[in-house]
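Q: Got a structure for you, questions after.
Please treat every number below as a calculation from the coordinates, not as lab data. Everything numeric here is computed off the predicted structure, so don't read it as measured data. Positions of Cβ are generated from backbone atoms using ideal geometry, with glycine treated the same way; all protein chains shown enter the neighbour counts.
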Amino acid sequence: METATQQIVAFGFLPFSNSVHYESGSDHGRAYHGLLREGMRPGYAAQDEAAPHFVGTELKRVVASRPAACGYRVDANGNEVFEVGLATTFLGDSPAQLPETPATAIAA
C-alpha cells in the first residue's frame, strides 16, 4: 500500500528539506515540487539507493549503491521548480579491500 507524500517535521539537524525515493516525474516527485512551491525549504532529493553525505551542514558528496542512482538539489521560485543533478559516487566502483589473512582478537 503506497502512502501519500507529506511534509514532516524532523530533527532539524540540517537546514534543508529532503526527499527520498525521488523521481521528478513521479507522484512523489510532483508532491515534493508542490511543497517547495508552497514555501517549504529548498533541499536535496535522492533516488532509490542514493543518499547525500553531509559533514556538518555541508554536502560533501552523494553516494549510491546502484550505478544509475543519483541525487539532486531542488528549489522553487514561485511556480517554477529548479532541479540540478549532482555528481554521484557509485560505491561499487571501489570494492572493499579485505586483508589476505583475517586479523583475530584474543580475549583476555
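Q: Loop-only GluC sites (Glu not before Pro) in segment 28-69, please: DSSP not H, G, I, E or B, and at most 14 other Cβ atoms within 10 Å.
A: Filter output for segment 28-69: E38.
Q: Once you have the Cα-Cα distance between E83 and V55, take 0.36 nm times their residue separation minus that, and quote the gain in nm to one decimal. Please report the intermediate quantities before stating the final value.
A: On the way: separation 28, 0.36 × 28 = 10.08 nm, distance 2.22 nm.
Net length gain for the segment: 7.9 nm.
Q: Can you sort F82, F90 so the residue with the fewest Cβ neighbours within 10 Å comes first?
A: On the way: F82 12, F90 16.
Listing F82, F90 from fewest to most nearby Cβ atoms yields F82, F90.
Q: Hey, another quick one. Starting from the amide H of Y44, placed 1.01 Å from N in the peptide plane, find each other amide H under 5 Å away whose residue is 5 or more places distant or on another chain.
A: Correct list: S17, N18, S19, V74.
Q: Dipole magnitude of segment 17-92 about its Cα centre, charges +1 at Lys/Arg Cβ and -1 at Asp/Glu Cβ only, in debye to the nearest 20?
A: Taking the Cα centre of segment 17-92 as origin, the dipole is about 200 debye.
Q: When a footprinting reagent is the concern and you count Cβ atoms within 10 Å, what order do R66, R73 take, fewest first?
A: R66, R73
Q: Given C-alpha coordinates of segment 17-92, what is the ratio Rg to Rh with the Kirkwood estimate of Rh?
A: With Rh from the inverse mean 1/r over Cα pairs, Rg/Rh is 0.97.
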